[in-house]
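Visitor: A single structure is presented below for examination.
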Amino acid sequence: MLTCIIRYQIDPTKKAQFKTYAQNWGQAIPRCGADLTGYFAPHEGSSTLAYGIYNVPSLAEYEAYRARLSADPLGQENYAFAQKERFILREDRTWLKLASAPHGEAK
């Protein structure tokens, strides 16, 4: 399993737009085949950093997922919304693989 962490730099005056964007992805991403952990907006500390985190089985599966997301009506609408509202100033993707498993039981 691979984890994609998207780091966004957002306009701090447009947090509401980012929240709408995140909620839309909360519907479209799982429907298109990725395991969405969630989208996270600034709360305390930095007012400009936000994150999206999801898992896919492989990079090949990621490519198929991206094609489905690009064809999804809500996906298309959300891409257009971000372009129109211009609340994302920068977007970077990092791919990680879990290294700490297996995890112990919580006490």
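Visitor: Cut-off under 17 Å on the C-alpha distance; same-chain residues fewer than 8 positions from residue 19 excluded. Which lysines are left, in chain and number order?
Guide: 84
Visitor: Determine the gain in length on full extension of the stretch residue 40-residue 81; use 0.36 nm per residue of separation and subtract their C-alpha separation, reporting nm with one decimal.
Guide: 12.9 nm
Visitor: Considering the options 12, 79, 34, tell which one lies farthest towards the positive end of the dipole of the chain, charges being +1 on Lys and Arg and -1 on Asp and Glu at the Cβ, about the Cα centre.
Guide: It is 12.
Visitor: Once you have the Cα-Cα distance between residue 100 and residue 2, take 0.36 nm times their residue separation minus that, and quote the gain in nm to one decimal.
Guide: Between residue 100 and residue 2, full extension yields an extra 33.9 nm.
Visitor: Mind checking which of 66, 90, 31 has the largest fluctuation in a GNM of the chain, springs on alpha carbons under 10 Å?
Guide: 90
Visitor: Of the peptides 38-45, 3-10, 53-60, how do they stack up when ordered by the mean number of other Cβ atoms within 10 Å, highest first?
Guide: 3-10, 53-60, 38-45
Visitor: First compute the accessible area of the chain with a 1.4 Å probe, then give the percent of it belonging to carbon and sulfur atoms.
Guide: Carbon-and-sulfur percentage of accessible area, whole number: 53.
Visitor: Quickly estimate the mean residue ellipticity at 222 nm for the chain, helices only: each DSSP H run with n ≥ 4 gives -39500 (n - 2.57), and the total goes over all residues, rounded to 500.
Guide: So the helix-based figure for the chain works out to -13000 deg cm²/dmol.
Visitor: Sticking with this one: Find the accessible area per residue for the chain; the probe is 1.4 Å, ligands and nucleic acids are left out, and the unit is Å².
Guide: On a per-residue basis, 64 Å².
Visitor: Could you give the size of the charge dipole of region 10-107 about its Cα centre, using +1 on the Cβ of each K and R and -1 on the Cβ of each D and E, expressed in debye and rounded to the nearest 20?
Guide: 160 debye
Visitor: Would you work out the charge dipole size for region 34-84 about its Cα centre, treating the Cβ of every Lys and Arg as +1 and the Cβ of every Asp and Glu as -1, and quote it to the nearest 20 debye?
Guide: Roughly 140 debye, rounded to the nearest 20.
The values are calculated or read from the model by the stated rules, or taken from the named source; none is laboratory data. Because the structure is a prediction, the values reported are computed rather than measured. Note that we place each Cβ from the backbone using ideal geometry, even for glycine, and neighbour counts take in every protein chain shown. Accessible surface is based on the protein model in full, side chains and every heavy atom, while ligands, DNA and RNA are left aside. Shrake-Rupley method; radii C 1.70, N 1.55, O 1.52, S 1.80 Å.
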